[in-house]
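Computed from the coordinates by the stated procedures, all read-outs in this text should not be read as laboratory data. A quick note: this is a predicted structure, and the numbers were derived from the prediction, not measured. Note that each Cβ is placed from the backbone with ideal geometry, even for glycine, and that neighbours are counted across all protein chains shown.
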Amino acid sequence: MKNKYEFFCDGSVFHKLDKWIFKINPFYLEAFKALVKRKDTILAKSIIRNYSDIVTLYFEGFNKYILIKKIKFQKAADYWRRYIGKSQGFREFSSSFKLLSIQVPCPLPICCGVNLSPFGPYESIYVSDYIENTETGIDFFIREKNLGLRQKFLSIVAENLAEIHNHGLFHKDSRLGNILFLNTTFPEIFWIDNDLKKMKSRYERYEKLALNRFKKTLRKDIISSEEWNFFIEQYFYKVKNHRCPCNFPE
């Protein structure tokens, strides 16, 4: 990636068998170099998943917590994608920068890394700001009963999704589980697990696919049909290329 610093790191807090090369937001370079060389980093929270390990730790360099997402090899293609700049960690890193550039909020990306070791279990790594006191969209709709706040959430998501599509981009994993909600005086949302691709042709096909995928991840017991229709109305109101809603999921 152009204008991004690179450096190597052996093991340290990540994994003794790994050897990483990082691409870093220059603003964080020196502080992150100091972090990865430490052997005594205290993990504040750790979530183990089938495909990745999520760790949050205190980042002394900038007096805040950061999120480290260590992504495991999932399929054969992952073994060669890392060498051509298409690892999952790099895609999330570059996609997050792209979202921020079009005013769609997401945690600030700090760096991504590719594992050069043939023995380590991880394919790539992604590091970003850790936003405290948030919950996923699914957890929000299970908990929240205030109709006005629920509609506010859907309206913001519809506006963000329309903005992504207006810039000719397609979010490959748009769903409530990948949207964080922060309930402040002015409610905010943040997109995570970002993986964007360009809409090369057939704009309508990508748009329909995105809305279908979004709806498939919704549970009927947490979002009503009225709320889904409200979301669709908000989306078409904000998207530049208006099309008949009958072409999309009801």
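Extension gain, Thr185 to Arg205: 0.36 nm times the residue separation minus the Cα-Cα distance gives 3.5 nm.
From the P(r) of region 135-247, can you give the percent of Cα pairs sitting at distances over 18 Å? That fraction is 47 percent. Backbone amide hydrogens, once placed in the peptide plane, bring Phe73 within less than 5 Å of Glu123, excluding anything fewer than 5 places away on its chain. Summing Cβ point charges (Lys, Arg +1; Asp, Glu -1) relative to the Cα centre of region 140-235 gives a dipole of roughly 440 debye.
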